[in-house]
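A.B. asks: Provided herewith is a single structure, encoded as structure tokens, for subsequent inquiry.
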Amino acid sequence: MFKRILIANRGEIAVRVIRACREMGIRTVAVYSQPDESCLHVQLADEAVCIGKAPSSESYLKIANIISAAEVTDVDAIHPGFGFLSENAHFADICEECGITFIGPSQDNIRNMGDKNKARELMRKAGVPVTPGSDGIVPTQEAALAVAKKLGYPVLIKAVAGGGGKGMRIARNDVSLAQGFMTASSEAERAFGNPDVYVEKLVERARHIEVQLLADNHGHVYQLGERDCSIQRRHQKLLEETPSPALTPDRRKKLLKAAVKAAQACKLRNVATIEFLWNEDAQEFYFMEMNTRIQVEHPITEEVTGADLVQLQIRAAAGEVMKFPDDEFAPRGHAIEVRVNAENPYKNFTPSPGPVQAVHFPGGPGIRVDSHVYSGYVIPPFYDSMIGKIIARGKNREEALTRMARALAEFKMVGPSTTVPVAQALLADARFLRGEYNTHFLEQFMNDVFWVS
């Protein structure tokens with residue numbers, strides 16, 4: 001087992017990894033940018049190294065600085081968390097060259113799944129359903145038009161290296177396709193250094209359902225159930241729950257079986273999440289992508305399965321044989337997560353950094369909070385706006401929702417605005433309470449209910 005791990009990240013995920021390591025008796029090294037010197041992960045780690053200035057390009061994305069910190073502190077492994085360098089195959093390569101274990105999927109996993117076109121082709125060959133679309137990259141606007149006419153509008157133009165909604169445009173006719181093709185390609189080149197795009201059929205009434213996967217280096221693969229992540233705005237999730245209220249036992253069984261097949265097809269190692277698009281009208285699911293890292297929403301899976309996914313990541317990376325009984329990760333009960341962002345929902349979710357004069361996090365039965373924020377902390381303007389996650393667990397969905405409503409009412413912060421009022425309004429909406437929502441629900445809810453009221 002590793003003796004010392006460097007966490008190449010910041011904020012609540014760095015705190016989460018430090019806690020997992022401490023329980024395992026592993027020493028930790030935190031890295032931080034200059035404005036993050038007072039961040040909680042820096043205070044909790046056994047050692048801390050400053051790696052640069054405020055911009056992530058000069059600190060958390062600066063591979064040379066992180067490797068230097070790892071070598072100076074003589075670590076055995078690096079945990080990348082999520083975001084930043086977590087799905088950077090080049091970073092994983094350099095870690096290996098330096099004799100440092102990268103805690104995450106293999107470089108091949110990252111490369112193959114990071115290219116959406118390659119990933120689709122691999123899934124297609126493995127018999128995993130993929131969204132109807134082009135056979136590979138669409139090189140020209142004319143070729144995209146031909147694919148769109150074959151599929152029928154509306155269609156989605158997507159960057160092969162995309163993520164977070166970048167390099168993605170909806171086309172509903174020939175004119176918007178021509179505009180969308182050029183815009184998506186240009187945006188993809190700026191954001192990812194790769195202008196290639198492909199075209200797929202747009203599923204208008206869809207849910208975003210993902211499956212948590214775990215694999216060791218010895219061929220053992222497990223699924224830990226699904227998460228419904230359909231409550232999102234501009235492809236950024238706000239609320240997730242498990243299990244999905246949309247799936248029957250038979251449909252769930254088919255989805256989970258396909259997820260394991262996908263993991264086996266790509267020879268997955270460590271922890272990853274496979275994301276599916278659930279077509280509500282056709283009652284079918286399609287492969288979207290695989291995220292080769294721990295996910296922000298992993299706590300709800302931990303709450304219903306009893307697993308510690310970060311510790312499992314570390315054990316898998318250390319080469320342990322992970323053989324479990326078939327029912328080891330059988331879910332029990334229901335869990336919901338609300339992301340708390342430092343944004344003002346009344347001003348179109350404008351970021352709201354600044355000093356936290358006071359904060360009170362909720363507690364009580366079935367409530368968990370993952371955060372790096374404390375009274376007196378200053379939320380910097382340079383990074384992602386998420387300041388924490390509130391997780392509620394119950395014996396069923398109704399109890400989990402009731403506990404979440406209580407927890408949100410208990411949450412208090414003096415200083416920055418947060419997205420908590422949106423979550424509270426959602427939990428009072430009859431349609432959401434019935435589980436009747438899809439990926440367009442939140443934006444419609446904001447326009448028709450939240451901002452109007």
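A.B. asks: Under a 5 Å amide H to amide H cut-off, with H placed in plane at 1.01 Å, what residues pair with residue 101 once short-range neighbours are removed?
C.D. replies: Counting only residues 5 or more places away or on other chains, the set is 77, 78.
A.B. asks: Equivalent ellipsoid semi-axes for region 85-180, as square roots of 5 times the alpha carbon gyration tensor eigenvalues: give them largest first, rounded to whole Å.
C.D. replies: 33, 15, 10
A.B. asks: Return the FRET efficiency for the residue pair residue 447, residue 34: r is the Cβ-Cβ distance, R0 is 41 Å, and the value is rounded to the nearest 0.05.
C.D. replies: It comes out at approximately 0.55.
A.B. asks: Cut-off is 10 Å between beta-carbons; in what order do 140, 101 appear when sorted fewest neighbours first?
C.D. replies: 140, 101
A.B. asks: Taking the Cα centre of region 1-66 as the origin, how large is its charge dipole in debye, to the nearest 20, when only Lys and Arg (+1) and Asp and Glu (-1) carry charge on their Cβ atoms?
C.D. replies: 200 debye
A.B. asks: Taking the Cβ of each residue in 227, 434, 169, 251 as the centre, tally the other Cβ atoms inside 10 Å and list the residues starting with the fewest.
C.D. replies: The order, fewest Cβ neighbours first, is 434, 251, 169, 227.
A.B. asks: What is the antiparallel percent of DSSP beta bridges lying wholly in the chain, to the nearest 5?
C.D. replies: Restricted to the chain, the bridges split so that about 80 percent are antiparallel.
A.B. asks: If you don't mind, another one. Given 10 Å bins starting at zero, what is the percent of C-alpha pairs of region 132-201 in each, up to the one with the largest pair distance?
C.D. replies: 26, 59, 15
A.B. asks: Can you give me the Kirkwood hydrodynamic radius for region 262-338, using every pair of distinct Cα atoms, in Å to one decimal?
C.D. replies: 14.4 Å
A.B. asks: Another one. Using square roots of five times the C-alpha gyration tensor eigenvalues, list the equivalent-ellipsoid semi-axes of region 296-442 in whole Å, biggest first.
C.D. replies: In descending order, the three semi-axes are 29, 21, 14 Å.
A.B. asks: Quick one: compute a quarter of the convex hull surface over the Cα atoms of region 4-103 and quote it in nm².
C.D. replies: Reported value for the Cα convex hull: 5.3 nm².
A.B. asks: How long are the semi-axes of the equivalent ellipsoid of region 401-453, taking √(5λ) for every eigenvalue λ of the Cα gyration tensor, in whole Å from largest down?
C.D. replies: Here the semi-axes work out to 20, 15, 8 Å.
A.B. asks: Something else: I need the phi-derived Karplus couplings for region 165-181: 6.51 cos²θ - 1.76 cosθ + 1.60, θ = phi - 60°, integer Hz, Gly and Pro marked x.
C.D. replies: So the Karplus estimates, Gly and Pro as x, are x, 6, x, 9, 9, 8, 10, 10, 7, 4, 5, 5, 5, 4, 5, x, 4 Hz.
A.B. asks: Test of understanding: what is the full-extension gain from residue 412 to residue 108, defined as 0.36 nm times their sequence separation minus their Cα-Cα distance?
C.D. replies: My answer for the length gained is 105.0 nm.
A.B. asks: Need one number: nm distance between label points at residue 140 and residue 374, each 7 Å from Cα along Cα→Cβ, rounded to one decimal.
C.D. replies: 6.2 nm
A.B. asks: Mind checking which aspartates and glutamates have their Cα closer than 18 Å to the Cα of residue 253? Skip sequence neighbours fewer than 8 apart in that chain.
C.D. replies: Cross-link targets: 210, 226, 228, 241, 275, 280, 284, 326, 327, 328.
A.B. asks: While we're here: Based on the alpha-carbon set only, what is the convex hull volume of the chain divided per residue, in Å³?
C.D. replies: 140 Å³
A.B. asks: Next question. So what is the 222 nm mean residue ellipticity for the chain from helices alone, if each DSSP H run of at least 4 adds -39500 (n - 2.57) and you divide by all residues, rounding to the nearest 500 deg cm²/dmol?
C.D. replies: Rounded to the nearest 500, it is -9500 deg cm²/dmol.
A.B. asks: Further, regarding this structure: Quick query: amide H of residue 388 versus all other amide H atoms, modeled in the peptide plane; which residues come in under 5 Å with a sequence gap of 5 or more or a different chain?
C.D. replies: So residue 388 has HN proximity to 340.
A.B. asks: To continue, here is another question. Once you have the alpha carbon radius of gyration of region 206-450, what is it after dividing by 2.2 N^0.38 Å, with N set to its residue count?
C.D. replies: 1.02
Where a number appears in this text, it was derived from the coordinates with a stated rule and is not lab data. Just so you know, these numbers come straight off a predicted model, no measurement behind them. Cβ coordinates were reconstructed from backbone atoms using ideal geometry, including for glycine residues, and neighbour counts include every protein chain displayed.
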